[in-house]
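Just so it is clear, none of the values below were taken in a lab; they were calculated from the coordinates. This structure is a prediction, so every number in the text was calculated from the model and none was measured. Here the Cβ is made from the backbone with ideal geometry for all residues, glycine too, and neighbour counts use every protein chain on show.
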Amino acid sequence: MSPRTVAKHIRSLSGMFGKRHGALKLDLIPFNPFNPFDRESAYSSMDGVKGHPDLTDDQITALLDACPSSTWRSTVALCIYAGLRIGETFLLEWGDVSWGNGKLSVTSEKQTGGKSRQRPVKMEPELEKVLLEGFEAGDKQPNTMSKNNLGRDMEVIVKRSGLEPWKEPFQALRRWRDSTWKLNHPSYVVDTWLGHGAKVSRKHYLTPPEHLYRPPGKFDRITAMIKNMDDDQLDELEAVIKKIGATVTILDNSGQTKAPLSLVTCGALSK
């Protein structure tokens, strides 16, 4: 039995014995024997990357190229570029795609008053291109696959693309899209596109992308140049920096802090 299946059964048993609706509420038992097993601990034995994968454009291309069919490509692209829940991809029809207008009309899995809700979702140009390929291939709708073994098949695709598998393969792509969109769009707009509130996003979705922690590539040459400076050159640089006003530190050849230096200054020096 897979860890994911074990986790599912543990959550069901926890609900049956829990204090909200289960045996504990009815005073049939003194404690919930499954209480220690929350969702996170149940998944703790699974291998893979926590949070979400930090995908590059090349990795996304490799992931889509590894898909065995046009409907798989459309489904994975919808999760990557539009952050759709996997269940929502089954509800999407070609009539919900506003070609050339950059918008999808997505039907939510969750119903209000017995009626399904629809929300607008931004359609990235890369996504429209993939969907158009599926439409021209004659697919009846973007996702025409069976719902059986989706997670297992997605893991095969990830491995085929050369990437390391991650937990919750489809939901992780939704989390990645949430974090990526919020680098360039207001949070309330992204929350509307993804169909959840700000509180849910902060608790379950937002993770700063790894590239934010890395210095921009264009500054690598400047960084290398500064490391090769002798003390006299560093003193001269320090004098220039003091006139400009800087915020980030550099080290002299002995490893001691010599002067503050901002990335803005690096950019100016590289011109």
Can you give me the long-range amide H partners of residue 117? Hydrogens built in the peptide plane at 1.01 Å from N, cutoff under 5 Å, separation of 5 or more residues or another chain. 108, 112
Taking H placed 1.01 Å from N in the peptide plane, check which residues at least 5 places from residue 163 or on another chain put their amide H under 5 Å from its amide H. none
So what's the net charge close to residue 101: Lys and Arg +1, Asp and Glu -1, counting the other residues with Cβ under 14 Å from its Cβ? -1
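Using a Förster distance of 30 angstrom, determine the FRET efficiency expected from the C-beta separation of residue 136 and residue 116, and round it to 0.05.
Taking R0 as 30 Å, the efficiency between residue 136 and residue 116 is 0.60.
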Modelled label-to-label distance, residue 57 and residue 147, 7 Å Cα→beta-carbon offset: nm? 3.7 nm
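Report, please, the projected area of segment 57-211 averaged over directions, based on the convex hull of its C-alpha atoms, in nm².
Here the figure is 9.5 nm², rounded to one decimal.
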How large is ³J(HN,Hα), in whole Hz, for each residue of segment 100-107 in order, when computed from phi with the Karplus curve 6.51 cos²θ - 1.76 cosθ + 1.60 and θ = phi - 60°, using x for Gly and Pro? x, 10, x, 8, 10, 10, 9, 8
In whole Hz, the Karplus estimates of ³J(HN,Hα) for segment 137-154 (6.51, -1.76, 1.60; θ = phi - 60°; x where Gly or Pro) are 7, x, 5, 5, 7, x, 10, 10, 7, 6, 7, 7, 6, 5, x, 5, 5, 5
So who's got an amide H within less than 5 Å of the one on residue 196, skipping anything under 5 residues away but keeping other chains? H placed 1.01 Å off N, in plane. none
Of the listed links 8/182; 129/182; 103/140, those spanning more than 27 angstrom between alpha carbons are 8/182
Extension gain from residue 231 to residue 108, taking 0.36 nm per residue of separation minus the Cα-Cα distance: 38.0 nm
